[in-house]
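Each remark here refers to the structure printed beneath this line.
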Amino acid sequence: MAKTKRIIITILLRLLAFGATLSATVVMVTSHESAEVMNIKFSAKYSNSPTFKFYVTAEAIATGYGLIVLFLSSRRSFDRLIVILDVVIALTLTSSISAALAVAQIGKKGDTHAGWLPVCNQVPKFCDHVTGALIAGFVAAIVYLVLNLYSLHVFLTPLFPV
Amino acid sequence: MALQSGEKLPMFIGHIWSKQKSRWTLLGLRLLAFLAAAAATLVMVLNKQTKTFVVATIGTTPVNLTLTAKFHHTPAFVFFAIANGLVSIHNLVMIMMDLLGSKFDYKGFQFPMIASLDMLNLALVSGGANAAAFMAELGKNGNSHARWDKICDKFGPYCDRGAGALIASFLALALMLLISFLSILNHKLVNSSSHNSHNNIIALPN
């Protein structure tokens, strides 16, 4: 009974994380907008910024990993390897979301000391799209952190205490 | 040396990795991580550069503009400083706990607390270091699509010091990753031998 509960909770968390990373990737990749302001053509795509490219790469890797692990999750011999890889993927997700949030905050508010103007006034739909992708990525990072803590709890309390 | 729940480690690891040596190794790594995170925090917080630019010339007198680059102009660097400060405090507390806390009664919570706090601080320092890294990349290369100029050609020493703080923080990140895994592995090795001795003691009267 305890084993089934553990497996169900793990699979639910992994499904949630897989959905969040998949939506983060897809929403970020499909975000592009062109605007023309005073004869200057502003074209905003996710690939204009290396940070967003890193974000898409990290989320795509996490999506692929989540898909593979969903099919492998009840095989006994891979348990420890999956726990270690979970920690690595959670770290990658937190780093990509924090980097993307830092650059998106500059895009929204600008940086007066560096002379950088905010771009969200020119391309508001692009900004909203990117905000959606960032929210999904944030949820994915939190779910992976919860999954790691749960795996640690399961790892520390053995199933058959002696 | 068989471990719990059907897991076996090779026998030579148990012989080489004695309890005392592993404790001092872990302590040494924590000290290094504390120093690296504290260095990153200090270098970032004290990072400041003032430069005077000649903007125009009216007649014969030049018009000067003084610009200052401080770390708290950029929210990502503030987060970086706070994250590294918290991680260095965490490592300091862990060192103190290891050296001075042997008579304190943890009621069995010692290892889960250490493991989960290590994991949370790992995520924190990873987030801080990467946010600052990408902000520094933006400052170094600019972004032509958003019409953001690069600032590192004007504020060279500021950028160099920031790069030093980033390197220290990534070093602290690598060390914290190693420490997390080693402390869990260490606990599994050490506690499994004590569990085996418990089994023998309980089984004997029967």
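The values are calculated or read from the model by the stated rules, or taken from the named source; none is laboratory data. Fair warning: this is a prediction, and the values are worked out from it, not measured in the lab. Positions of Cβ are backbone-derived with ideal geometry, glycine not excepted, and every protein chain shown enters the neighbour counts. Note: areas computed on protein heavy atoms with side chains; ligands, DNA, RNA excluded. Shrake-Rupley method; radii C 1.70, N 1.55, O 1.52, S 1.80 Å.
Applying 0.36 nm per residue to the separation of A:Val37 and A:Thr131 and subtracting their alpha-carbon distance, the gain on full extension is 31.6 nm. Take the Cα of B:Thr60, step 7 Å toward its Cβ, do the same at B:Leu185, and the gap between the two points is 7.4 nm. Compute the long axis of helix A:2-29 from its Cα atoms, compare it with the longest principal axis of the Cα atoms of chain A, and write down the angle in degrees, 0 to 90, nearest 10. Tilt relative to chain A: about 20 degrees. On region B:19-128, 72 percent of the accessible area sits on carbon and sulfur atoms, based on a 1.4 Å probe. With all protein chains kept in place, the per residue accessible area of the protein assembly as shown amounts to 54 square angstrom at a probe of 1.4 angstrom. Rounded to the nearest whole Hz, the Karplus-based 3J(HN,Hα) values (6.51 cos²θ - 1.76 cosθ + 1.60, θ = phi - 60°) of region A:92-102 follow the sequence 4, 5, 5, 5, 5, 5, 6, 5, 5, 5, 4, with x at glycine and proline.
Accessible surface buried at the B:A interface totals approximately 3200 Å², computed with a 1.4 Å probe on protein heavy atoms. Taken residue by residue and averaged, Cβ atoms of other chains lying within 10 Å of the Cβ of A:110-123 number 4. Shape class for the protein assembly as shown: oblate, because the ratio a/c of the largest to smallest gyration tensor axis (alpha-carbon atoms, square roots of eigenvalues) is 1.5 or more and b/c is at least a/b.
Dipole magnitude of the protein assembly as shown about its Cα centre, charges +1 at Lys/Arg Cβ and -1 at Asp/Glu Cβ only, in debye to the nearest 20?
Details: 29 positive and 15 negative charges, 99 e Å.
The dipole of the protein assembly as shown has a size of about 480 debye.
The residues B:Arg147, A:Arg80, A:Arg14, sorted by heavy-atom accessible surface at 1.4 Å with ligands and nucleic acids left out, run B:Arg147, A:Arg80, A:Arg14 from largest to smallest. Its DSSP H runs of at least 4 residues, each contributing -39,500 (n - 2.57), put the calculated 222 nm mean residue ellipticity of the protein assembly as shown at -25000 deg cm²/dmol, to the nearest 500.
Can you pull out the chymotrypsin sites (Phe, Trp or Tyr not before Pro) in region B:55-124 whose DSSP state is coil and whose Cβ has at most 12 other Cβ atoms within 10 Å?
On the way: sites: B:Phe71, B:Phe77, B:Phe79, B:Phe80, B:Phe104, B:Tyr106, B:Phe109; in loops: B:Phe104, B:Tyr106, B:Phe109.
Within region B:55-124, the qualifying chymotrypsin sites (Phe, Trp or Tyr not before Pro) (loop, at most 12 other Cβ atoms within 10 Å) are B:Phe104, B:Tyr106, B:Phe109.
The dipole here belongs to region B:43-202: it is taken about the Cα centre, uses +1 on the Cβ of Lys and Arg and -1 on the Cβ of Asp and Glu, and is about 320 debye.
Filter A:Lys45/A:Lys108; B:Lys70/B:Lys150; A:Lys108/B:Lys51; A:Lys53/A:Lys108 down to the pairs with a C-alpha to C-alpha distance above 25 Å, please.
Too far apart for the 25 Å limit: A:Lys108/B:Lys51.
In chain A, taking the dipole from charged Cβ atoms about the Cα centre, the farthest positive-side position among A:Pro50, A:Gly66, A:Leu152 is held by A:Leu152.
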